[in-house]
Amino acid sequence: MSTAFQPERGFSLFDSHIADLARGFGFHEAVSPALVGEIPPEARHGIQDSEIWEIQNPKSRELKHLRVGLLPGLIEAAARNLHHGIREVRLAEVGKVFRATPPPLGSERHEAALLLAGQSDEWDRPGAERDLYLELKGVLEALLEALGIDSLRTDAYHEPCWKLGTGASIRASELRLGQLGEVAPSLASALGLNRPAWAAVLDVAALAEARPGKRGYKPISRYPVSTRDLAVIVTADTQHADLADAIRAAGGGLLDEIRLFDVFEGDTIGAGKKSMAYALEFRAPDRTLSDREVDGLVDAIVRTLQTKFGATLRGGTPASRSGGTPS
């Protein structure tokens, strides 16, 4: 039986499925009011006054517009929770947003939004510095994988709701699914949030379109994986998606998985530079890879990154963590 999304059945089941997945990843589901007050300019980029529904006789100034996005409501909810002593905020919401165009009835669509803020429990990861970007990106990858959506990539993207240099567009193949970034300080401040927060906003209709009609089956390899950690120093404006594409092309068919697990900027790296560390997993479907084969593939990847991005290795030779047979 096909699991394809059927528009005529509405979005309610799909919305609920996304919310269930978010709860499974440790998020609390938020339910924000559809009626809101003044919409901060950072949260209505490209939306004209004529596109925003305004209630003619509102009960108060805080209830005079229909919301045009979920992000402001999550920011306000995060601010309230942190103000009341909650250390770590993980919020998710799936719901309708509204436009007054085209007249006379306007339009509505469904969004899904995730937000991370605050500090995790010190007993959970003692001494660890929380990287909200990597944490949120990992959740998004897991969420999309659970929906059967692969080929995820992020491209540099900016809207005023994101802090400059942090925004990214989320795509699957050529279909744009949404965006993520660090909430712009001006937007956070306008909504009462005084701490850094990272968020993602997804278009539910695009998720439904990207979702495959039938889930495929891929046999699990009988042979072990060989893993290498590779850390490179690149210019600060280098994008993860571009590096990952180059790594994947150079690694060929034996490169099974790429995972970004650390991004670092500091005096030890140099001005205008950053370190990006990847876990690379190699596997063959018909044999156990030798260390020599894996090392050769890693060398090819390093040469490609040096040529395309002027990258230099950080910390010497890429480290082997598991798998592989001796040369």
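Values as computed for the structure displayed
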item	result
Sites residue 20 and residue 237, calculated FRET efficiency, Cβ-Cβ separation with R0 51 Å, nearest 0.05	0.85
Peptides ranked, highest mean first, by Cβ atoms within 10 Å: ranges 260-268, 225-233, 67-75	67-75, 225-233, 260-268
Segments 280-288, 191-199 sorted - mean Cβ within 10 Å per residue, highest first	191-199, 280-288
FRET efficiency, 1/(1 + (r/R0)^6) with R0 25 Å, evaluated for residue 159 and residue 195 via beta carbons	0.75
Placed amide H near residue 101: partners under 5 Å, 5+ positions off or other chain	107
GluC sites (Glu not before Pro) restricted to DSSP loop in region 67-106 with at most 14 other C-beta within 10 Å	none
Projected label distance in nm at residue 34 and residue 142, using a 7 Å step from Cα toward the beta-carbon	3.2
Contour excess over end-to-end distance, with Cα ends at residue 12 and residue 267 and 0.36 nm allotted per residue	86.8 nm
Set of lysines near residue 308 by C-alpha distance (under 30 Å), chain-local residues within fewer than 8 positions excluded	137, 163, 273, 274
Cα→Cβ-extended label distance, 7 Å offset, between residue 229 and residue 312, nm	2.1
Gained length - residue 131 relative to residue 62, 0.36 nm times residue gap less alpha-carbon distance	21.4 nm
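Every read-out reported here was derived from the displayed coordinates using simple, explicitly stated rules and does not represent laboratory data. Predicted model, so just to flag it, every value in this text is computed and none were measured. As a convention, Cβ positions derive from the backbone with ideal geometry for all residues, glycine included, and neighbour counts pool all protein chains shown.
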